[in-house]
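Chemist: Structure below; questions to follow.
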Amino acid sequence: MPMRQLQTLLGSTTAGMAGVCEAMTEIARLSPMVIALRTDAAFAAFADPTSASASASAGEPLRMIVEKIDAMAQSSLAATLEAGLTVGRSLTERRLPLDAAFRVATAAMEPIRGRLRDNVRRLAPGRLDATPARD
C-alpha cells in the first residue's frame, strides 16, 4: 500500500476517533449535570410537596426509566443501521475496519447525547448555559 494512500486512510480514522472522543466527552460532561438537577428537584419536592415544581417533577422517576430504555433502543437501531451502511460502503470505498467501528460507535452514542442535551435544557431553563451549539 503506498504511503500516500495509507495517510489518507489514517486521516479518516483519526477523524472518526475524534468524533467518538467528542461524543464520550459530552456524555461525561452532561451526565453529572442531569443527575444533579434531578436530585435537586427531588429534594425540593421532598421538602415542599405542595410546591409547583414538586408537581412538575412528580413523574420524573418514571420518565428517567422510560427515556433510558428508549435511548438504548434508539442507540441499538442507529448502530445496526450504521453497521449495515458500513458494509455497503466497504464495497465501494477503501476504508480501514477501525474507521467503521468508530462510525458505528458514534452513531450509537448520538441518541444518548441528544437525550442528555434535552434533559439539561428542560431541567435547567436559565440556570445553566450547558449545551454547546450543534455542528
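The values are calculated or read from the model by the stated rules, or taken from the named source; none is laboratory data. Just so you know, these numbers come straight off a predicted model, no measurement behind them. Every residue, glycine among them, receives a Cβ derived from its backbone with ideal geometry; neighbour counts consider all protein chains shown.
Chemist: Hey, can you tell me all the residues within the stretch 100-135 that are of a type in the set (D, E, K, R) and modelled with pLDDT of 80 or more?
Modeler: The answer is ARG103, GLU110, ARG113, ARG115, ARG117, ASP118, ARG121, ARG122.
Chemist: Could you count how many residues in the stretch 91-113 are more than 14 Å from the chain's Cα centre (by Cα) and of a type in the set (Asp, Glu)?
Modeler: Selection size over the stretch 91-113: 2.
Chemist: Can you name the residue in the stretch 84-99 that is at pLDDT 75 or above and small (Gly, Ala, Ser) and is also surrounded by the fewest Cβ atoms within 10 Å (Cβ to Cβ) among such residues?
Modeler: Once the filter is applied, the top-ranked residue is GLY88.
Chemist: Please name all residue pairs, on different chains or six or more residues apart, with Cβ atoms under 7 Å, provided the first residue is in the stretch 112-135 and is of a type outside the set (D, E, K, R) and part of a loop (DSSP other than H, G, I, E, B) and the second residue is buried (at least 16 other Cβ atoms within 10 Å of the Cβ) and modelled with pLDDT of 90 or more.
Modeler: If the second residue must be buried (at least 16 other Cβ atoms within 10 Å of the Cβ) and modelled with pLDDT of 90 or more, the pairs left are LEU128/MET33; LEU128/VAL120; ALA130/LEU30; ALA130/MET33; ALA130/VAL120; THR131/ARG117; THR131/VAL120.
Chemist: What pairs can you find where one residue is in the stretch 47-64 and in a helix (DSSP H, G or I) and surrounded by 12 or more Cβ atoms within 10 Å (Cβ to Cβ), the other is at pLDDT 80 or above and of a type in the set (Phe, Trp, Tyr), and their Cβ atoms are less than 6 Å apart, with a gap of 6+ or different chains?
Modeler: Close Cβ pairs satisfying both conditions: none exist.
Chemist: Within the group MET17, MET24, which residue is among the hydrophobic types (A, V, I, L, M, F, W, C), under 13 Å from the mean Cα position of the chain (by Cα) and either surrounded by 12 or more Cβ atoms within 10 Å (Cβ to Cβ) or at pLDDT 85 or above (or both)?
Modeler: Step by step, each of MET17, MET24 is checked, and only MET24 is among the hydrophobic types (A, V, I, L, M, F, W, C), under 13 Å from the mean Cα position of the chain (by Cα) and either surrounded by 12 or more Cβ atoms within 10 Å (Cβ to Cβ) or at pLDDT 85 or above (or both).
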